[in-house]
Amino acid sequence: MRTSLSTLQKMLDNNEKIAVLTCYDATFARILENSGIDALLVGDSLGNVLQGESTTLSVTLDDMIYHTRCVARGTDKVFIITDMPFGSYQASPELAFKNACKIIAAGAHMVKIEGGHIMADTVQFLTRRGIPVCAHIGLTPQSIHQLGGYRLQGHSEKSARLLEDEAKILEKSGAGMLVIELIPAKLAEKITQTLSIPTIGIGAGNNCSGQVLVLHDMLGLSQGKKPRFIKDFMLEAKTIQAAVENYVIAVKTGQFPNIEHQF
């Protein structure tokens, strides 16, 4: 039986951590599914790790549809979330619905969109029409030029309160899950305790409902300076499957992220 959003919600209710990794093809999808991953994120991070771009902004809707199909073909049980790329949903809820339908038809079970309260109407529009939505706050890579770089969010009292409010608004609008990226661990914990939906952290401490990493990062394949929140799980594994299994265990037991991986 395939994992559903209800399954992930039950995991939250039972205090079981949710292990998520990005994935972009059928081969890795099968390996990750067999290693115990709960959900796969077909991330627009493919612009960085597959296409060699410095940002995610050039990734197209067709790119996301193609890679979603690839991942869907490689799985039988895992839950699939797909990023809606830059420009595919921001203009209007109607545009978002049109493009989300294409992503769902390709095999995704949920779409992910970045942004806070400004996306509330879009979240509500989609979820009322049967499309599950994962919201995304904190560092939102599609807004990287406006944010001024890849930097910690919510570190001031004012910005922390804003993120708390954004999370509540998005849940009220119908979001079934929330990715929280690059914020202080205590703030992420507070947001998680406030919500009734799963929170998936990346660079947000270990008190979120689950964790996500970019696959290439956790396998030690990324070049250049590595962000603090990344751990290379291949260092203590002989195979990719073993590395992923170790990642799943570390997330489930709360060993990852530890103090050295959070802010």
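Here are some residues: 100, 91. Which one is buried (at least 24 other Cβ atoms within 10 Å of the Cβ) and either within 18 Å of the chain's Cα centre (by Cα) or at pLDDT 95 or above (or both)? Outline the logic, then answer.
Working: 91 fails: buried (at least 24 other Cβ atoms within 10 Å of the Cβ).
So the residue among 100, 91 that is buried (at least 24 other Cβ atoms within 10 Å of the Cβ) and either within 18 Å of the chain's Cα centre (by Cα) or at pLDDT 95 or above (or both) is 100.
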(request) Give just the number: which of (1) farther than 27 Å from residue 227 by Cα; (2) β-branched (Val, Ile, Thr); (3) in contact with a His (Cβ under 6 Å, 6 or more places away or on another chain) does residue 179 not satisfy? (result) (1)
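Here are some residues: 82, 55, 75. Which one is part of a strand (DSSP E or B) and polar (S, T, N, Q)? Write out each step before concluding.
On the way: 55 fails: part of a strand (DSSP E or B); 75 fails: part of a strand (DSSP E or B).
After applying the criteria, what remains is 82.
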(request) Taking the options 178, 187, name whichever one is within 26 Å of residue 87 (Cβ to Cβ) and buried (at least 17 other Cβ atoms within 10 Å of the Cβ). (result) 178
(request) State all residues of region 177-218 that are assigned to a strand (DSSP E or B) and charged (D, E, K, R); if no residue qualifies, say none. (result) 181
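Looking only at region 219-253, how many residues end up being in a helix (DSSP H, G or I) and among the β-branched types (Val, Ile, Thr)?
Result for region 219-253: 5.
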(message) So the check is Cβ under 7 Å with 6+ separation or different chains; which pairs have a first residue in region 244-263 that's over 10 Å from residue 203 (Cα atoms) and a second one that's basic (Lys, Arg)?
(response) 251/17; 252/17; 254/17; 256/231
(request) Among the residues of region 1-12, write down those that are loosely packed, with under 11 Cβ neighbours inside 10 Å and assigned to a helix (DSSP H, G or I). (result) 6
(request) Could you tell me whether region 31-45 includes any residue that is touching a residue at least 12 places away in the same chain (Cβ under 8 Å), assigned to a loop (DSSP other than H, G, I, E, B) and at positive phi? (result) yes
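Where residues in region 130-140 are under 18 Å from residue 96 (Cβ atoms) and within 13 Å of the chain's Cα centre (by Cα), which of them is surrounded by the fewest Cβ atoms within 10 Å (Cβ to Cβ)? Steps first, answer last, please.
Residues of region 130-140 that are under 18 Å from residue 96 (Cβ atoms), as a first pass: 130-137, 140.
From the residues that got through so far, the ones that are within 13 Å of the chain's Cα centre (by Cα) too are 133-137, 140.
Working: 133: 28, 134: 26, 135: 28, 136: 26, 137: 28, 140: 19.
Checking each candidate, the answer is 140.
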(request) Go through region 142-161 and give me each residue that's of a type in the set (Lys, Arg), surrounded by 10 or more Cβ atoms within 10 Å (Cβ to Cβ) and farther than 16 Å from residue 201 by Cα. (result) 161
(message) Looking at region 114-129 only, could you name the residues that are free of Cβ contacts under 8 Å to residues at least 40 places away in the same chain and either buried (at least 17 other Cβ atoms within 10 Å of the Cβ) or part of a helix (DSSP H, G or I) (or both)?
(response) 114, 115, 118, 122, 125
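The values are calculated or read from the model by the stated rules, or taken from the named source; none is laboratory data. As the structure is a computational prediction, the values presented were derived from the model and not from experiment. So basically every Cβ, Gly included, is an ideal-geometry build from the backbone, and we count neighbours across all protein chains shown.
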